[in-house]
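Colleague: Pasting in a structure now, in C-alpha cells, and then I'll have a few things to ask.
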Amino acid sequence: MLIRRKLNRFLVVLGWSSWLVMSAFLTAASISGQEANEDKVTFDDHIQPLLRQRCSSCHSPDRRNGDLDVTTYITLMQGGGSGAVIEPGDLDFSYMYSLVTHQEEPVMPPGNQKIPDAEIALIARWIEGGALENMGSTAVIKKKKVGMAAVENPMAKPSVVPLPARTILEPLIQPTAPPNADSIAISPWAPIVALGGQKQVLLYHLQTQQLVGVIPYHDGQVNSLRFSRNGQWLAIGGGKAGLSGNVLIWNVVKGEPVTTVGNELDAVLACDISPDHSMVALGGPQRVVRVYATDSGELLFEMSKHTEWVTAIEFSPDGALLATGDRNGGVETWEAMTGRSYMTLTGHTKAITAISWRSDSNIVASGSEDTTIRLWELNGGSQVRSWNAHGVGTLGVEFAMDGRLVSCGRDNVTKLWDQQGTALKSFPALPDIPTDVSICNETNHVVAGAFGGKVAMWETENATWIADLTTAPKSLEQQVSDAERVLSERQAALEQSNQQHQAAKVAHDQIEASLAELNNQRQTTAKNLEQLQIKLAAANAQAADAEVARMSATEPMIQTQDAIPMVEDSLAKLREAASKLPEDASLHQNVVGLNTELESMKAKMNELKTKSDEAASKVSEANKIASESNAEITTAQAGLAEFDQKIAVLNEQLEPAKQSLQAASAQLESVTTSHQQAVQLVEFWRNEVAFKQQLIDLVAKLNESETLATSKQQGVAAAQQQLTEAQSRFDQARTELSNTEADITSYQNQIESLKIPVGLPQADEPVVEPEVEPSVESGGAEAGTE
C-alpha cells in the first residue's frame, strides 16, 4: 500500500498522461484482498510485542515514564505528558518515531544504541499505514501538514528568480479546438505566464514563448489562478460545476503539488493564497468565502455575507485584509486573520469580475459588468476614482507593480490605464470576448485571452503584438514530428538560399573582377598616355629647339649667300682694276684680302648650311616623333574612352549585383538562423521525449524496487514476528527453568533439614530449627509435613 501510494503521487507530480496513472491503478487493483491484508502492519500483531519487549520496562501501567504507556493501543495513541506520540500516516509528526530513530532528544532506548533497523522499518510501515489496531481496523489518516515557509517581506524580490522546474511537457488532454484560457496569471518575479483550462495549467516563458510546464489538475476546469507574492507557489482553483471544487497549491520551483484544500460542492470560481502562505481563500456559487490553513487543510473560518456567486478574491499585499466580490456587484473586505467583516464597498450595480490590490495595500481596484473600474481607499472606505473602462462591461482588471492598471472588457479591447482613469494604451481588439488579462512587471508584456482559445501577447511600450500562445499544445510525438517537418523545409530553404547566395556572389565577383581588370588596363593605358604626352612634349621641345637652331643658322647663311655674289662681283672688278694697275700694290693687297674674305664667307656659309641642315634634320626627326606620339596618344585616348565606357557599364551592373548579394546574404543569414532554431527545436523536443522515457523507466524501476522492498519488509516482519515469538518462548522457558531450579534448591534444603537428628545437638553449636519454604507449584507444604 505504501509503495502504490508513493508511486501514484510520483505520477501525479510528474503530470503524466492518464494511461500511465490508469496503469498504476490497474496494477494496484490486481492485488488480491489476501495480499492486501498481508501488507497490513497492526498494533496487535506486530507493534505490541515489539514495544513490550523494548519499552515496557519504562512505559507500562506500573511505570509510566513521561506519563506514557505503550503496552496497549489505547494508551499509546493517547500519548504522554508532551502530547500525542503517534500521528497516523505521518512519520514527520510522530514523536515516538523521531525518538526511536534518534532524530530528536531524548533518544529511545535511553543510553543505548537504536533498536534494529528492521524494527524501525516495521514501526514506520505501521505509522504510514494508518497506525491500525488490528486486521479489522480501517486507517483514518490525518492530512499531512505542509511546510510552506513564510517570507519576511512578501513584496520584495526573491534572491533567486522562481523559474519552473523541468516537467514532462505532455498535455493531459488533446482537444480538437483550442480551449479557452479562463484564467491567466503572470508570475510577479519571473517571465512566466500560466494559462488555466480544462484539467491542466500551461506555463509559457514570455520571452521565448516556449512551453515550459504542464500542471495537471485532474479535478476539472481551472477557473482561477494566483501566484504567491514571491512567485514560488501557484494556487489553482476550479472543479466540476455543480459537483465539486477545491484549490491545488503547486510548487512552481520544484514542479510538484504541495497540498489541496477545500471540498466544495460546486466549482471554485475565485481563490488566492495569503502573502505569508498560511491561508488559502476560495469562493464560488455557494456564496460563501472559506479560508483554509495551508499546512493542515483545516477550515479556519467562513464568511457568508455575499448574496450571489463569489467571483473575485484577493488578499492585500500586506496580508491584513481580504477583498471579495460577487455576481450582485457586492464588494466586501474582511480581516484576513479573523474573517471578521471589515468594510462593505458600495457602488457597483452589476457583477464583479475582478479585484486587484495596489502594491502598497492602500488601494483596491474592482472591475464590473457595469462597465466601470473603481478604486477604493481602505482607511476610510471611500471611492477615490471611477471611470467607464469598457462600454459594454469590464471583465478583468489588474494592478501592475508600478501602479498602472491593465483591463479587458466586452468591447474585446485590452487597455492600459493610469490611476486617474486615463487610457495610456489600447491594444488591438481580440476576435471574441476576453476571458482574462494579466501584466508582467519584469518584461512589460500584457497577455489577454478570449473565447475561442485566442491568447495574445503584446509589449506595452508601443502596444505591438508579439505572439499568440496556444492553449492546445500538441503531444511530444507530434511536436517532434512537426519540428522535424519544419527542419526539413528549412533545410531545403537553406540549400536554395545557399545556391542563390552563391549565384549572386559569383555574379557580383565576376563583375568586380572584370571591373578590376578594366581599371588595371585603363590605369596602364593612362600611364602610357602620360608617357606619350611626356614624349610628345619632349619631341615638340626638341623640334622647337632645332627650329631655333636652324633659323639661327639659316638667316646668316642666307645673308652670306646673298653677299657672296656681290663680293665675287667686287672681287672681279677689283681684279680687273688690279690687272689694269699692276703696279698698284695696295690694290693687289685689297684683291688678296677681298679674296680671303670671300673664301671665309664661303666657308662660313658652308658651316651655316651644315648647321641648318642638321637642325632641319632634327626638326624633321622631332616632328616625326611628335607625329607618332600624337597617333599613339589618339589611340590611347580612344582606349581610355572605351575603358571608361566599359567601366561605367560595369559600375551600373555592380550596384544591382551588390544589392542582390546583400539581399541574398541577408536572406541566407535569416534562413540560417531559422534553420538553427529548427535544429534546436528538434533537439529540444527529442530531449523532452527522452526525458519522458527516462522518467517512465525510473518509475518502472521504482515500482520494481518498492515491490521488492515490500516483499523484503514482509520477510523482515515475518522474521521479526518469529523472533518475537521465539524470544517469548525463550523467556517463558527461562522462567520455567528458574522456577524448576528454585524447586530443586528447596527440595535439597528440605532433605538436608530432615537429616538433622532431633534432640541431639552438636558440640559447641547452637541447635537451629529448620525453615521449610514449600514451592507453590509442587505443593511443598504437604511434602514438608510428610
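The values are calculated or read from the model by the stated rules, or taken from the named source; none is laboratory data. Everything numeric here is computed off the predicted structure, so don't read it as measured data. Glycine also receives a Cβ, built like all others from the backbone with ideal geometry; neighbour counts cover every protein chain displayed. With ligands, DNA and RNA removed, areas are computed over all heavy atoms of the protein, side chains included. Shrake-Rupley method; radii C 1.70, N 1.55, O 1.52, S 1.80 Å.
Colleague: Given Lys199/Lys454; Lys40/Lys712; Lys454/Lys474; Lys157/Lys199, which pairs have Cα atoms separated by over 21 Å?
Modeller: Lys157/Lys199
Colleague: Please report the net charge: other residues with Cβ closer than 11 Å to the Cβ of Glu302, K and R +1, D and E -1.
Modeller: Here the count lands on +3.
Colleague: Given that just one value was derived from the coordinates, which of [x] 1.03; [y] 0.98; [z] 1.53 is Rg/Rh (Cα atoms, Kirkwood Rh)?
Modeller: [z]
Colleague: A further question follows. In square angstrom, what is the accessible area per residue of region 612-749 with a 1.4 angstrom probe?
Modeller: Accessible area per residue: 64 Å².
Colleague: Using Cα pairs closer than 8 Å and at least 6 residues apart in sequence, work out the relative contact order for the chain, in percent.
Modeller: In percent, rounded to a whole number, it is 8.
Colleague: With +1 on each Lys and Arg Cβ and -1 on each Asp and Glu Cβ, how big is the dipole of the chain about its Cα centre, in debye rounded to the nearest 20?
Modeller: My answer is approximately 2420 debye.
Colleague: Here's something else I'd like to know. Working from Cα positions, state the angle (0 to 90°, nearest 10) between the long axis of helix 2-14 and the longest principal axis of the chain.
Modeller: Around 30 degrees separate the two axes.
Colleague: Another one. Less than 26 Å apart at the alpha-carbon level, and either on another chain or at least 8 residues along: which lysines does that give for Lys305?
Modeller: Once the sequence-local lysines are set aside, what remains near Lys305 is Lys240, Lys350.
Colleague: Out of Val41, Ser579, Pro88, whose Cα points farthest toward the positive end of the dipole of the chain (charges: +1 Lys, Arg; -1 Asp, Glu; placed on Cβ)?
Modeller: Value: Ser579.
Colleague: What number comes out for accessible area per residue over region 191-340 if the probe is 1.4 Å? Units Å², please.
Modeller: Here the per-residue accessible area is 30 Å².
Colleague: Of Phe730, Phe427, which has the most accessible area and how do the rest follow, probe 1.4 Å?
Modeller: Phe730, Phe427
Colleague: Calculate what fraction, in whole %, of the accessible area of the chain sits on carbon and sulfur atoms when a 1.4 Å probe is rolled over the protein chains.
Modeller: About 52 percent, which is the carbon plus sulfur part of the accessible surface.
Colleague: Further, regarding this structure: Leaving out ligands, DNA and RNA but keeping every protein chain, what accessible area does Arg358 have, in Å² rounded to the nearest 10, with a 1.4 Å probe?
Modeller: Arg358 exposes around 50 Å² with every protein chain in place.
Colleague: From the protein chains alone at 1.4 Å, what is the descending order of accessible area for Asp92, Asp69, Asp182, largest first?
Modeller: Most to least solvent-accessible, the answer reads Asp92, Asp182, Asp69.
Colleague: Can you give me the accessible area per residue for region 448-588, using a 1.4 Å probe, in Å²?
Modeller: 58
Colleague: Excluding Ala323 itself, calculate the net charge of residues whose Cβ lies under 11 Å from the Cβ of Ala323, where each Lys or Arg counts +1 and each Asp or Glu counts -1.
Modeller: -3
Colleague: Rank Gln496, Phe451, Gln542 by how far each Cα sits towards the positive end of the charge dipole of region 423-578 (+1 on Lys, Arg Cβ; -1 on Asp, Glu Cβ) and give me just the farthest.
Modeller: Value: Gln542.
Colleague: Restricting to DSSP H runs of at least four residues, report the calculated mean residue ellipticity at 222 nm for the chain, -39500 (n - 2.57) per run over all residues, nearest 500 deg cm²/dmol.
Modeller: Estimated from H runs of four or more residues: -16000 deg cm²/dmol.
Colleague: Can you give me the Cα centroid spacing of region 500-548 and region 481-496 in angstrom?
Modeller: A separation of 52 Å, based on Cα centres.
Colleague: In square angstrom, rounded to the nearest 10, how much accessible surface does Ser359 have for a 1.4 Å probe?
Modeller: 50
Colleague: Starting from the Cα of Lys573, draw a straight line to each of the lysines and keep only those under 27 Å, dropping any in the same chain fewer than 8 residues away.
Modeller: Straight-line reach from Lys573, under 27 Å: Lys602, Lys604.
Colleague: Using a 1.4 Å probe on the protein heavy atoms only, what accessible surface does Glu477 show? Give it in Å² to the nearest 10.
Modeller: The accessible area comes out at roughly 100 Å².
Colleague: Taking all protein chains together and a probe of 1.4 Å, list Arg226, Arg125, Arg63 from the most accessible to the least accessible.
Modeller: Highest to lowest solvent-accessible surface, that is Arg63, Arg226, Arg125.
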